[in-house]
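To start, the structure under review is shown below, and the notes come after it.
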Amino acid sequence: MNDRIESLKQALAGIEWHDDPGLLRSKSKDFHWYSPVLTELLQDKTADLLVQPRDMDELRRVAAACARLRLPVTLRGGGTGNYGQCVPMERGVIIETLRLDAVQVRPGSATVQTGCIIERLEQAARATGQEILMFPSTLTDATIGGFISGGFGGVGSIRHGVLKDPGNVTRIQVMTLEEAPRLIELRDAEIQKVHHAFGTNGIITEMDVKLAPAEDWRHVIALFDDYEAALRFGQAAMRPDLPLRLLTSVERSFAPYYTQYGEYFPESHDAIFAMVAAAGLPAFEALVAQHGGRLSLAMTDAEIAAAQLLPAYECAYNHTTLMALKKDKAWTYMQLAFPQPFSVAQAMALVHEFGHEIYWHHEFSLAYGEYGVFAIPLVSYFDAERLAEIKQLIEAQGVGVFDAHVITIEDGGMKTIDTAQIDFKKIADPHGLMNPGKTRGWLPEYARP
Ligand SMILES: Cc1cc2nc3c(=O)[nH]c(=O)nc-3n(C[C@H](O)[C@H](O)[C@H](O)COP(=O)(O)OP(=O)(O)OC[C@H]3O[C@@H](n4cnc5c(N)ncnc54)[C@H](O)[C@@H]3O)c2cc1C
């Protein structure tokens, strides 16, 4: 490997690369440290070289040289993935995409390069009176390419569904990892060949994403006397006529991790965190009142910033885990999907069954054309055996568990091998060099010599 890395450095004349061990260690990590299981499993994994191409031409030279030298390659955007997706299992090269960040906005859509930070894309869309359809709560650090390759949905999904839903991402351009890299265009349903493939089957270079007319969003907190009332409200608020960008119920047990909110989210109440378009606020407030709750906060972006409060979406999705871990390292988390139709009674039974072992927040979302409820609860970590037992107990209730403590696509959310993605890998990564170890569907004999 060392000889091949030295040859790569020669081939990269003029392209920025780094081999400082400290930098390599940090760029070989992502947010897998949420999981004590993955922390142990991945602790020694480090790449040999970090390469930061500035444009498509440099990217093509890096891809060609890595293919020729048969070097393992891990793509890296913002490095905010949770399952060690950016951790190089077999050393080799990290290609960081952050400088490939051009954005072109048109009415109804944008063409954006992979390394564009999602917040920048949102700002570019807003400058034209539009907004992106959805973003992870890591808006300020995650890239659009990393979101497509490693993410699922997030803030905005209550209105527009998830990344996988038709029309949300309409084109993806992929560069192959070959001696003479080619560009392949995937359109509409074809994009599923690379969506959520963890960077195993081609370098995503550019994509077209749909935009919607910009709304005047308010960050909203509604307080309820008990968590069941918050869940019932959430269930009732999953309606197309309520203009929402976020709808999350959060147990009062999270309040100590969100002390910035003070009386807006006191330890005495369970809460709904939402983003509501200004025009829909009266209807939202009336529905809150019908469920026995009251609004404690409704602020614009500017007001939230001036008050030095966190945006509502940082009390949702996986940001809740981050905030809890900042104060108490004993937590980890799980990812669940509740069966349809959502049963508040079933959700409350789990709340009671696990008591202080699990703190709950539920994400209300549209996915695959239907409203559904997901959860990313905090789990008090005892050991891997107890974590596996909790998983089994929850699955026994018919609730889906997307294992967050494994590194392959299949063992996590996907469950089965996606043969279309593997077939595409044979075309886009014929030597089997990309993010090795992250898909069980790729067998060594598939690799072209
Ligand atoms: C606090 C927190 C909250 C989160 N909330 C959400 C959420 O709401 N919804 C959600 O879906 N996820 C969420 N995530 C997970 C993650 O932040 C998102 O999926 C994010 O969009 C990943 O973007 P990134 O640029 O950081 O990707 P990275 O972590 O850099 O990469 C993710 C994967 O994509 C691959 N990749 C990156 N660029 C390319 C490319 N150009 N071509 C091919 N493969 C590539 C990488 O190899 C890796 O496998 C959260 C994570 C954290 C830590």
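Nothing in this text is a laboratory measurement; each read-out follows from the coordinates by a stated rule. The structure displayed is predicted, hence computed values, not measured ones. Every residue, glycine among them, receives a Cβ derived from its backbone with ideal geometry; neighbour counts consider all protein chains shown.
Observations on the structure shown:
- Projected-area mean, the chain, by convex hull of Cα positions, square nanometres: 20.5 nm²
- Pairs from the list Lys29/Lys438; Lys415/Lys438; Lys27/Lys415; Lys45/Lys329; Lys193/Lys438 with a Cα-Cα gap above 18 Å: Lys27/Lys415; Lys45/Lys329.
- Relative exposure of Asp3, Asp270, judged by other C-beta atoms within 10 Å (fewest first): Asp3, Asp270
- Taking the number of Cβ atoms within 10 Å of each Cβ as an exposure proxy, the fewest-first ranking of Met238, Met434, Met175, Met207 is Met238, Met175, Met207, Met434.
- As a length-normalised measure over Cα pairs under 8 Å and 6 or more apart, the relative contact order of the stretch 122-254 settles at 28 percent.
- Distance between the pseudo-spin-label points of Val103 and Glu119 (7 Å out from Cα toward the beta carbon): 1.2 nm.
- Taking the fewest neighbouring Cβ atoms within 10 Å as the starting point, the ordered list for Tyr258, Tyr446, Tyr83 is Tyr446, Tyr258, Tyr83.
- A Cβ-based charge dipole, computed about the Cα centre of the stretch 290-449 with Lys and Arg at +1 and Asp and Glu at -1, lands at about 220 debye.
- Spin-label model, Asp423/Tyr446: points 7 Å from Cα along the beta carbon direction are separated by 1.2 nm.
- Looking at the stretch 303-412, the trypsin sites (Lys or Arg not before Pro) that sit in a DSSP loop and have at most 14 other Cβ atoms within 10 Å of their own Cβ are Lys329.
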